[in-house]
Amino acid sequence: MNWRALFKPSAKYSIIALIVVGVIVGVVGYFATQQTLHATSSDAFCMTCHRDHSLRDEVMASAHGGGKAGVTVQCQDCHLPHGPVDYLIKKIIVSKDLIGLMTIDGFMTQEWLDENRKEQADLALEYFRSNDSANCQHCHTRIYEDQPETMKKMAVRMHSNNFKKAPEDRKTCVDCHKGVAHPYPKK
Ligand code: HEC
Ligand code: HEC
Ligand code: HEC
Ligand code: HEC
């Protein structure tokens with residue numbers, strides 16, 4: 001084929017024109033998706049299905065609900081990844097929740113959460129362990145190095161000792177800190 005064919009109208013439109021249209025559609029689609037993903041990442045969205053669960057009240061009552069600085073940490077800050085690709089993948093896993101919602105008897109009740117808390121907590125912990133508690137580290141950036149002077153001695157010691165170990169032997173945040181937003185069940 002002659003390279004000029006690229007610029008010649010094949011039937012009706014030149015291939016270049018088609019590419020331009022394609023790019024525009026792609027860009028519009030990208031932003032539309034971002035909007036959707038954004039809307040599906042608010043506390044309100046999470047609480048549509050978890051509406052009758054005490055989860056948000058628990059967060060509010062914890063150090064992550066207001067604290068001295070008045071910072072309220074959102075569900076997605078802890079539960080969803082920050083990178084766009086990982087974010088999409090986790091979203092697709094979360095969409096298994098849609099099936100759960102339709103198939104789990106009594107899911108939208110506090111009784112269900114109370115009864116299944118341990119199992120659900122351990123599922124949630126699996127995610128934190130899978131990425132070395134990346135979401136925690138995203139905010140808590142001065143745990144291991146350049147620790148603030150105000151950090152408790154005991155905390156400085158525990159953190160420093162952990163950091164001295166080889167990376168594969170280190171504990172991750174949630175190994176030592178369970179129940180930072182919801183009460184971690186004993187059994
Ligand atoms: C479509 C309804 C629905 C929405 C929306 C929803 N969830 Fe869930 N969620 C569920 C169901 C159902 C389960 C139990 C799933 C199971 O065990 O299969 C669950 C379980 C969980 C768990 C524990 C199990 C695990 O795999 O980690 C966490 C954490 C969680 N949801 C967080 C969230 C967050 C954060 C949001 C908002 C970004 C959210 N959910 C939005 C229905 C929903
Ligand atoms: C969006 C930012 C953010 C994320 C994500 C976050 N934190 Fe925090 N965390 C804070 C802030 C802000 C405070 C301080 C509140 C205060 O000063 O009262 C805090 C306080 C704490 C404390 C001390 C208070 C207490 O409960 O003893 C611990 C421990 C802690 N976070 C662990 C974690 C762990 C573990 C994770 C991941 C599961 C995490 N944080 C995720 C912002 C965050
Ligand atoms: C080996 C166990 C261990 C690991 C791993 C660990 N911590 Fe800690 N952390 C502690 C202990 C023990 C304290 C002190 C507990 C207390 O004062 O209640 C502490 C205290 C804290 C505090 C409060 C500091 C203060 O002065 O009040 C924060 C915030 C915190 N850890 C966040 C994290 C985060 C985020 C991670 C992961 C990057 C992490 N920790 C990893 C054991 C650990
Ligand atoms: C500061 C981080 C943080 C925030 C904010 C947070 N979670 Fe969690 N969540 C966790 C951790 C860590 C676990 C694992 C169990 C544990 O340690 O208590 C968990 C566990 C869960 C579970 C499993 C059941 C349970 O209670 O353990 C659900 C469901 C859940 N979170 C939903 C939510 C929803 C909905 C929001 C927003 C209203 C939210 N979380 C906000 C850190 C957080």
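See the values below:
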item: Selection within region 97-137 - open to solvent by less than 90 Å² (accessible area, probe 1.4 Å), of a type in the set (S, T, N, Q) and away from ligand 3 (no atom under 16 Å from the Cβ); result: Thr109, Gln110, Asn116, Gln120
item: Residues that are open to solvent by less than 60 Å² (accessible area, probe 1.4 Å) and either more than 8 Å from ligand 4 (Cβ to nearest atom) or at pLDDT 95 or above (or both), drawn from region 39-49; result: Thr40, Ser41, Ser42, Cys49
item: Some residue of region 118-127 being assigned by TED's automatic domain parsing to the domain that holds Pro81, within 16 Å of ligand 2 (Cβ to nearest atom) and either under 18 Å from Arg51 (Cβ atoms) or polar (S, T, N, Q) (or both); result: yes
item: Residues being assigned to a helix (DSSP H, G or I) and surrounded by 18 or more Cβ atoms within 10 Å (Cβ to Cβ) - total across region 56-76; result: 4
item: Index of the failed condition, Ile143 passing every other in (1) hydrophobic (A, V, I, L, M, F, W, C); (2) within 22 Å of Pro183 (Cβ to Cβ); (3) surrounded by 11 or more Cβ atoms within 10 Å (Cβ to Cβ); result: (2)
item: Count of region 151-187 residues which are closer than 30 Å to His53 by Cβ and open to solvent by 50 Å² or more (accessible area, probe 1.4 Å); result: 11
item: Flag for Val94 being near ligand 3 (Cβ under 10 Å from one of its atoms) and either among the aliphatic types (A, V, I, L, M) or at pLDDT 95 or above (or both); result: no
item: All positions within region 77-96 that are surrounded by 11 or more Cβ atoms within 10 Å (Cβ to Cβ), within 14 Å of ligand 4 (Cβ to nearest atom) and assigned to a helix (DSSP H, G or I); result: Asp77, Cys78, His79, Lys90, Val94
item: Answer from Pro81, Pro185, Pro167 - the residue that is in contact (Cβ under 8 Å) with a residue 60 or more places away in the chain and not aromatic (Phe, Trp, Tyr); result: Pro185
item: Which numbered condition Arg129 fails, given (1) in contact with a Leu (Cβ under 8 Å, 6 or more places away or on another chain); (2) in a helix (DSSP H, G or I); (3) touching a residue at least 24 places away in the same chain (Cβ under 8 Å); result: (1)
item: Hits in region 128-174 - residues which are within 12 Å of ligand 2 (Cβ to nearest atom), of a type in the set (Ser, Thr, Tyr) and within 23 Å of Pro81 (Cβ to Cβ); result: Ser133, Thr141, Thr172
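The values are calculated or read from the model by the stated rules, or taken from the named source; none is laboratory data. Bear in mind the structure is a predicted one, so any value in this text is a computation, not a measurement. All Cβ positions, even for glycine, are placed from backbone atoms using ideal geometry, and neighbour counts span all protein chains on display. Side chains included, ligands, DNA and RNA excluded: accessible areas come from the protein's heavy atoms. Shrake-Rupley method; radii C 1.70, N 1.55, O 1.52, S 1.80 Å.
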